[in-house]
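Notes follow the structure.
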Amino acid sequence: MGLRIKANTFLMKRYLEVDSGGVTFCETAFAGGARRFGFHEIDCVLLSETHVLSFQVKQEVFRLPTRPDKEKHQRVIDTLIYEVRRAAGGG
C-alpha cells in the first residue's frame, strides 16, 4: 500500500494513492471506480490556488481536493510530482 489522500463526501468516495508502480485514482458516485496509471502515462500535474490537485492522462483530467495543513497530503503531492518527473526523464 502506498501514500493515499482521501476526499470522501456523503455521496462520493474519492482517493488518490501513489505507490512505486504508479497511481490509483478512485471516484465513485453511483457509478465509476478505481483507475490505475503508470507515472509515464501522466502528462501534467497541477495544484490550484484552492489546493485542488489535478493530473492529466491523454484527454482526461482527474481532480482531487487536498489539504495543505495535512503533512500526508503534501507527501503524496511531492511523491507524485517527483515520480512523474523521473518517469519523464527529468530526474
Item to check | Among residues of the range 37-90, those that are among the aliphatic types (A, V, I, L, M), within 15 Å of residue 22 (Cα to Cα) and surrounded by 14 or more Cβ atoms within 10 Å (Cβ to Cβ), counted | outcome: 9
Checklist outcome for this item: Those residues of the range 8-30 which are modelled with pLDDT of 90 or more and small (Gly, Ala, Ser) amount to 20, 21, 22
Item to check | Subset of the range 32-51 (residues that are under 17 Å from residue 76 (Cα atoms) and in contact with a Ser or Thr (Cβ under 6 Å, 6 or more places away or on another chain)) | outcome: 36, 46, 51
Checklist entry - Within the range 3-27, can you find the residues that are more than 12 Å from the chain's Cα centre (by Cα) and small (Gly, Ala, Ser)? => result 20, 21
Item to check | Within the range 28-37, tally of residues that are aromatic (Phe, Trp, Tyr) and assigned to a loop (DSSP other than H, G, I, E, B) | outcome: 1
Next on the checklist: I'd like to know if the range 77-90 contains one or more residues that are in contact (Cβ under 8 Å) with a residue 24 or more places away in the chain, in a loop (DSSP other than H, G, I, E, B) and over 14 Å from the mean Cα position of the chain (by Cα).
Outcome noted: yes
Item to check | Matching residues, the range 13-27, being part of a strand (DSSP E or B) and either more than 14 Å from residue 75 (Cβ to Cβ) or among the β-branched types (Val, Ile, Thr) (or both) | outcome: 13, 14, 15, 18, 22, 23, 24, 25, 26, 27
Checklist entry - Which of the residues that make up the range 38-76 are of a type in the set (Val, Ile, Thr), part of a strand (DSSP E or B) and farther than 19 Å from residue 13 by Cα? => result 45, 57
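The values are calculated or read from the model by the stated rules, or taken from the named source; none is laboratory data. Only a predicted model underlies this, so the values are computations on that prediction, with no experimental measurement involved. Quick reminder, even Gly has a Cβ in these numbers, built from the backbone with ideal geometry, and neighbours come from all protein chains shown.
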